[in-house]
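Everything below concerns the one structure shown next.
The values are calculated or read from the model by the stated rules, or taken from the named source; none is laboratory data. As the structure is a computational prediction, the values presented were derived from the model and not from experiment. Here Cβ is always computed from backbone atoms with ideal geometry, including for glycine, and neighbour counts include all displayed protein chains.
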Amino acid sequence: MKKADVSISLRGATTIATDTAQIVFMNQSISNLNYLLELSNKYDKTLRQGLITTIAPGVICIGGVFLAGFGVIAAEILFQVGFYSGLSVAMYPLFTEKNDNKQLTITEKTE
């Protein structure tokens with residue numbers, strides 16, 4: 001489990017398994033594994049979108065200063081556009097995740 005990219009364990013497993021795992025299913029079942037994989041794919045997609053939406057205005061701003069003669073006001077506007085677009089992409093999962101009756105209890109360990 002130490003060499004794996006992500007290790008998953010169940011509550012009630014051996015102490016070594018739960019100590020070395022990054023994710024521990026607290027309900028002692030792997031029935032929510034598909035949901036966990038779906039959630040990780042959404043997280044990866046959000047990270048990629050956030051990277052693009054925060055870098056693109058900066059690149060446009062730098063190119064605009066050197067090639068199109070953008071001033072301080074235009075640079076500040078582009079900075080704010082990049083900031084708020086990155087913020088909206090980061091908060092998008094908060095508004096789209098439905099809180100249905102499916103109780104998923106996952107404990108993620110950080111080191």
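The table that follows gives values for the structure above.
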{"read-out": "Set Asp44, Asp19: member being in a helix (DSSP H, G or I), charged (D, E, K, R) and at pLDDT below 75", "value": "Asp19"}
{"read-out": "Residues that are surrounded by fewer than 12 Cβ atoms within 10 Å (Cβ to Cβ) and either closer than 30 Å to Phe95 by Cα or in contact (Cβ under 8 Å) with a residue 24 or more places away in the chain (or both), drawn from segment 58-75", "value": "Val59"}
{"read-out": "Residues located in segment 19-57, provided they are over 30 Å from Val81 (Cβ atoms) and in contact (Cβ under 8 Å) with a residue 24 or more places away in the chain", "value": "Ala21, Gln22, Ile23, Val24, Phe25, Met26, Asn27, Asn32, Leu33, Tyr35, Leu36"}
